[in-house]
Each structure stands twice: as structure tokens, then as C-alpha cells.
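Please read the structure below before turning to the comments.
The values are calculated or read from the model by the stated rules, or taken from the named source; none is laboratory data. What you see is a predicted model, and the numbers here were worked out from it, not measured in a lab. For neighbour counting, all protein chains shown are included, and Cβ atoms are generated from backbone atoms with ideal geometry for every residue, glycine included.
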Amino acid sequence: MLGNSNIKVTINNVFTFASTYCQLTTSASGYDARGIVCDLSTGGTTLYLRNLADLSAGATFSLTVQMTSTAVASTVSPTVSIYTYYGNGNLVDQALNVPFATTPLTNTNLTVFSAFTVPSASVSTRPITAGYFGNLLINFQPQASLTVTNGSRIVITMASGFYPAGNTLGMPLSCQLNLASFTCTYTLSPFTITLYKTNSSFTTGINTVNITTLYQNANGVFFPTTQGRYLNTL
């Protein structure tokens, strides 16, 4: 395929993307599949597969994304439309309004994220001094046992003064929950980290989150330079 060929996937009816998480697998060889980009935005309904220059005919794709819905109806009937463009915007194939494998969906089919609480303030696992730079380590213990099965993601919002090495977007992070690595993303101002699909690693006891940067001259998270108490949200 030509370098500017792409595939557009649109979700129709009530659902939007809950995050920019996109796990992509393809039948193409590792060489041919290198550099394929899955491009989507939180709150959107359309994603693009780009950089398809080396793919041959017949390659298949499997995508895993996170979606959300504010629908209050007893049932919803979402569909998917897929458009394939070859070269400079030439539409060569399309599948319109294809229903989900299970349709309609009832509210019991939809995952409901339930918030969980931490018995006391989050506690770092090491003494911290003003201006500390290193791994961000946080211990917490869920109060409700259902958190272990329903805790599909962790969102940590740091107070002002916390930021990753480089203090720029787009750097790779290492995000671990109880020594298991998970896909994660982050934003700045405030520094907010989201770990995805974490329910497989939750325990009812003490859980430890370990976050640092990767592939920088120095890897870690900067802490505030002023001594004091800082409220972080998990």
C-alpha cells in the first residue's frame, strides 16, 4: 500500500472513546507491521490506522479500545463503520453500520467503573525529601472487595510540583502495579497517570504502584522543592 493509505473506523450510536488506549495486533509480519499507528482521541468516535505503506493485501487487524457511554436507555444498539483509503484519499472499500456481535446491548452488558476509596492518605514507600527525584512509589489498600474485580484502571493525579523527567508529553513511562507492568498514559498540569486493565493484578491487601520514565538520560519523577504536605488523588 502507499504510505498515505489508511483505514478509518467509526463507532456509531452512544459510545465514545474513554481514553487514547489502543492495542493493535495484525497478521502482517513483524517487518511489514512496523510503525503502524493507531490514532484516536479521548471523547472521539473515529480512529485511524496509519503508516500502512509496507502491508500487502489480505492483512487483518484486531483492535482493543476503551469506550464509554452515558446512555440511560435499557438497551443500546451501537454499530461500526470501516473505510479503507488507498493513496491520496481514494476510498476503495467500506463496511457501513455493522452491528456489534451482541446487539442490542443492555445496561448489564456495559462495564460500570466503580470508584474505590483508600483508608488513609496515600503513603510513599520511602522517606522523601524536598526536591527528591526518582521512582514514584505509592501504597494503597482498597476498602471494598469488589475493587479487586472492578478496578479496571488506576488514575493518579499528582499535586502541583510533581512532574516527570523532561516535563514534556510523549515520553515512555514504566508503570507497574504489584511488580506487573501495564500500559499507561499521562498528561501534564497536573501530572496525571492512568494505568489500564489493572484488575488482573489487584489484591485485597496492600497494593504498590511504581512509576518512572524510560530511555531518558536520568529516569524518574521530580517531587516539589518546597517541604510540606501535598494532596495526591488515586
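Out of S174, S189, S160, report the one residue that is part of a strand (DSSP E or B) and small (G, A, S).
On inspection, the qualifying residue turns out to be S174.
Given T64, T60, which one is at negative phi, in contact (Cβ under 8 Å) with a residue 40 or more places away in the chain and assigned by TED's automatic domain parsing to the domain that holds N12?
From the options T64, T60, the qualifying one is T64.
Suppose we keep only residues that are assigned to a loop (DSSP other than H, G, I, E, B) and closer than 22 Å to I154 by Cβ within the stretch 1-42. Which one would you say is modelled with the highest pLDDT?
Taking the candidates together, the pick is L40.
Limited to the stretch 72-99, what total is found for residues that are surrounded by 15 or more Cβ atoms within 10 Å (Cβ to Cβ) and either over 20 Å from L40 (Cα atoms) or among the polar types (S, T, N, Q) (or both)?
Residues flagged as surrounded by 15 or more Cβ atoms within 10 Å (Cβ to Cβ) and either over 20 Å from L40 (Cα atoms) or among the polar types (S, T, N, Q) (or both) within the stretch 72-99 amount to 4.
At pLDDT 80 or above, under 23 Å from Y196 (Cβ atoms) and of a type in the set (A, V, I, L, M, F, W, C), is that true of L110?
no
Which of the residues spanning the stretch 192-214 are within 22 Å of T20 (Cα to Cα) and part of a loop (DSSP other than H, G, I, E, B)?
Within the stretch 192-214, K197, L214 qualify.
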